[in-house]
1. Could you please state, rounded to a whole Å, how far the C-alpha centre of segment 331-373 is from the C-alpha centre of segment 482-502?
2. Which length gain, in nm to one decimal place, applies between VAL63 and ALA324 when the Cα-Cα distance is subtracted from 0.36 nm times their residue separation?
3. What does a probe at GLU479 reach in segment 499-519, counting residues whose amide N is under 18 Å from the point 7 Å along Cα→Cβ?
4. Can you give the convex hull volume per residue for the Cα atoms of segment 315-355, as a whole number of Å³?
5. What angle, in degrees between 0 and 90 and rounded to the nearest 10, separates the Cα long axis of helix 3-15 from the longest principal axis of the Cα atoms of the chain?
6. Tilt of helix 429-446 relative to the longest C-alpha principal axis of the chain, in degrees (0 to 90, nearest 10)?
7. In what sequence, largest accessible area first, do ARG403, ARG226 appear using a 1.4 Å probe?
8. Post the alpha-carbon centroid distance, segment 39-103 to segment 230-286, in whole angstrom.
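The values are calculated or read from the model by the stated rules, or taken from the named source; none is laboratory data. In this text the structure is predicted, and so the values were computed from the model without any measurement. All Cβ positions, even for glycine, are placed from backbone atoms using ideal geometry, and neighbour counts span all protein chains on display. The protein model used for the area step is the full one, side chains on, heavy atoms only, and it has no ligands, DNA or RNA in it. Shrake-Rupley method; radii C 1.70, N 1.55, O 1.52, S 1.80 Å.
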Amino acid sequence: MDRKKFIKTGILAVSGFYFLNSNLFQAMQPQTGRKDITTRETPIIIIGSGYGGAVSALRLCEVGKKVVMLEMGLNWEKSGIPFSSMLKPGKSSAWLKKKTIAPFMNIFSLTPFTGALDRMNFEHINIWVGRGVGGGSLVNGGMAVTPKQSYFKEVFPDLDAEKFYTTYFPLVHQELKVNVIGEQFLKECPYYQFTRVGEEEAHKAGFKTIRVPNVYDFQYMEKEYRNEVPRSALNMEVIYGNNHGKNSLDKTYLKKALETGNLEILDLHRVEDIQLNHDKTYTLNVRETDTSGAVISDKVFQCKKLILAAGTMGTLKLLLHSNAVNQFPVHEQIGKNWGNNGNFMTGRNWVKPLSGGTGSKQSTIPVGGIDNWDDAEHPFFTEIAPLPMGMDVATALYLLINRVDKKGEVSYHVGTQDLHLDWTPENTVKMKQNADYFVKKMNKANGGTRSHFLFHNGFGADVCYHPLGGCVLGKATNEFGKLRDHENLYVLDGSLIPGTIGVNPFMTITAIAEYCIENLIRQNEFA
Ligand code: FAE
């Protein structure tokens with residue numbers, strides 16, 4: 001059996017979906033230059049397997065819909081390839097790069113591989129994203145923070161906040177398996193010295209601290225500590241993926257969706273561009289690659305209903321690129337109201353150097369935060385972040401989350417055929433003032449200096465883990481994520497949130513996705 005036939009028969013057998021010969025649709029497709037184009041027709045396609053994609057998949061599959069999910073990254077679980085630790089970067093450390101791409105200390109060479117962490121570089125900001133089945137949940141710190149209700153109301157004045165706090169947030173709390181570290185363990189575990197020191201210093205400086213919930217299973221962590229199970233958080237695993245302990249989406253929403261038998265996930269399938277057809281269906285040009293990034297085949301997918309859940313930057317790229325190459329209709333709100341969620345990295349040196357510093361052993365999972373949100377002059381939230389280096393560097397690391405008073409805008413640059421981000425140091429002026437205020441106040445009360453060697457003289461305005469917005473709910477879409485100017489296209493990911501939510505965003509992305517898909521299904525959008 002030749003390869004093409006094999007794929008056709010295999011997929012037909014597995015899912016019962018159609019896999020059609022290219023002739024039928026070829027006339028409608030742009031030519032990619034490769035000959036072996038096959039076309040497949042399927043009712044519902046979801047692009048991307050992060051939070052928005054996983055929620056949509058589960059809820060559609062539960063009501064009996066057949067769903068195909070296209071994910072450009074690798075299915076790590078299926079591949080059996082372990083994630084790399086931060087001390088020994090390897091296959092999962094970077095998306096097709098020759099060097100590591102962590103926020104600092106990129107001294108490690110790599111053989112290009114479709115890794116789990118990617119970084120997009122813009123002039124004034126670098127944006128990190130997750131790649132693979134599970135999207136950002138594979139590489140993130142698992143911090144599961146529900147925003148303050150007052151700020152949620154301010155960001156989403158048209159949503160029923162009451163319903164979110166009584167229904168959707170509790171629902172995602174349960175689905176994502178959010179839990180909280182035991183206080184006794186936190187008090188005694190040497191791997192959390194950085195948190196204990198961070199909280200003690202914050203209190204001394206007059207700041208309020210909060211306990212931060214996480215999707216990492218803390219009972220597992222306690223067993224790790226007792227050496228009863230393989231170590232992950234206590235073995236420097238996080239931004240290149242966790243081999244154990246973390247309830248990433250492949251272990252929660254996606255697992256449940258697959259159990260319905262209605263979901264098919266195609267990994268290493270990157271959607272290049274989308275076309276709107278005369279009958280209001282969509283044609284997707286898709287490239288299948290191997291783990292070195294080499295093209296295996298070009299494919300064409302046809303669908304009636306399309307859900308874009310490629311993450312803020314992925315979704316914006318698909319919409320704007322498709323507009324440039326296929327005259328794909330995009331509403332004038334697309335690209336507007338983009339923000340970095342106020343992300344601003346900073347750090348302090350000489351933190352308790354004579355009494356063990358921040359600890360030579362550090363868990364990779366943050367559990368502490370400083371809540372200064374209600375300060376009218378310097379409103380921010382900051383996570384007390386780990387800096388696991390395998391030795392005590394007496395350094396405290398913080399990821400501040402600020403308000404985003406001045407939003408950015410994403411557009412398409414025809415020359416580079418890539419996104420252009422209108423975002424300059426002006427957008428982060430207030431964030432820098434807050435970081436400066438915070439570090440000075442901490443140093444005054446506790447000693448220490450700003451971390452002049454980290455970032456740019458201690459200020460990381462260009463570090464962004466939380467790109468949000470550009471396809472804002474109720475502006476670029478209707479109130480449930482259906483894109484304006486389209487009848488069969490929905491956006492369900494971080495791009496729905498207008499650039500800021502005041503805390504780490506995945507709880508909100510998941511809750512908004514739950515709300516949207518519930519209502520879209522109720523309105524018979526996928527009938
Ligand atoms: P996302 O999870 O990014 O998923 C999008 C998926 O679409 C990815 O798997 C892409 O590979 C895929 N994709 C993109 N383009 C295409 C294409 N053309 N064709 C096929 N597939 C495509 O989207 N948030 C928190 O709340 N707590 C944390 O502790 C936290 N820590 C973080 C740490 C790091 C290092 C990073 C990078 C992020 C962190 N975040 C954290 C942010 C969080 O992971 C992020 O907001 C969500 O993952 C975004 O969810 P989406 O559903 O928007």
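1. 27
2. On the way: separation 261, 0.36 × 261 = 93.96 nm, distance 3.58 nm.
Contour length minus the Cα-Cα distance gives 90.4 nm.
3. 512-519, by backbone N distance to the label point.
4. Numbers: hull volume 4.2 nm³, N = 41.
Cα convex hull per residue, to the nearest whole number: 102 Å³.
5. Value to nearest ten degrees: 80.
6. Between the helix axis and the principal axis of the chain, the angle is about 30 degrees.
7. Values: ARG403 75, ARG226 130 Å².
Most to least solvent-accessible, the answer reads ARG226, ARG403.
8. Between the Cα centres of segment 39-103 and segment 230-286 lies a distance of 3 Å.
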